[in-house]
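Read-outs throughout are calculated quantities, based only on the coordinates presented, and are distinct from any laboratory measurement. Quick caveat: nothing in here was measured; it's all calculated off a predicted structure. Ideal geometry is used to build each Cβ from the backbone, glycine not excepted, and the neighbour counts take in all protein chains shown.
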Amino acid sequence: MRLTLYTDYSLRVLLYLAYKKDQMVTISELADFYKVSRNHLVKVVHNLGIQGYIITTRGKNGGLRLARAADKIVIGDVVRKMEPDFELLECFNAETDHCVITRSCALKSVLFSARDNFLNQLDQYTVADAVKPAATSSPEFKSIPVVHN
């Protein structure tokens, strides 16, 4: 199973914001830190705002921050909302299924189960869980400038 780059960037944005706690962060800051396209992050941030994961504020002192505590953002929920679909095979979608063995194939149920187990596993973790190890051991996250008020 492979997640899209869009979902990857969505999770990265949430991790960065969780590390920064309630500080306002700019899209340019995120793009510079992750060395990714600012334009692509604009789309990601817009969708994260629509989904209610972040709050965006325009203006001179604007930026973005998490809309709720990182321990209230379940990774499985984020992945479900950011991924376009989880149709691993043609037969996962009844409208596009043209496979001649669909009715007698047991592989579909195995893959359904694997997909569900994957998502259920992600449901066991929050954004806060994903930041904890990084905050104590990762030189990358330690390089994030944190302003203490």
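Around Arg80, under 14 Å between beta carbons, what's the net of Lys plus Arg minus Asp minus Glu among the other residues? Working shown, then result.
Values: positive: Lys81, Arg115; negative: Asp77, Glu83, Asp85, Glu87, Asp116, Asp123.
Result for the neighbourhood of Arg80: -4.
Restricting to lysines 8 or more places apart or on different chains, can you count the pairs in the stretch 1-90 with Cα atoms under 20 Å from each other? Before the final figure, lay out the partial values.
Values: Lys20/Lys35; Lys20/Lys60; Lys20/Lys72; Lys21/Lys60; Lys21/Lys72; Lys35/Lys43; Lys43/Lys81; Lys72/Lys81.
Value for the stretch 1-90: 8.
All other residues with a Cβ under 14 Å from the Cβ of Phe112 taken together, and with Lys, Arg as +1 and Asp, Glu as -1, what is their net charge? Mind showing how you got there, number by number?
Details: positive: Lys108, Arg115; negative: Asp85, Glu87, Glu90, Asp97, Asp116.
In short, -3.
Compute the signed sum of charges (Lys and Arg +1, Asp and Glu -1) over the other residues within less than 15 Å, Cβ to Cβ, of Ala67.
On the way: positive: Lys20, Lys21, Arg65, Arg68, Lys72, Lys81; negative: Asp22, Asp71, Asp77.
Summing Lys/Arg as +1 and Asp/Glu as -1 gives +3.
Counting helices only, and only those DSSP H runs with n ≥ 4, report the 222 nm mean residue ellipticity of the chain as the sum of -39,500 (n - 2.57) divided by its residues, in deg cm²/dmol to the nearest 500.
Numbers: 7 runs with 76 residues, N = 149.
Roughly -15500 deg cm²/dmol at 222 nm, from the helical runs in the chain.
Would you please give the FRET efficiency between Ser28 and Glu83, computed as 1/(1 + (r/R0)^6) with r the Cβ-Cβ distance and R0 = 30 Å, to the nearest 0.05?
Details: r = 26 Å, r/R0 = 0.88.
Efficiency, from the Cβ-Cβ distance: 0.70.
Got the relative contact order for the chain handy, in percent, Cα pairs under 8 Å and 6 or more residues apart? Don't jump to the answer; show the numbers that get you there.
Working: 146 pairs, mean separation 41.0, N = 149.
Reported as a whole number, the value is 27 percent.
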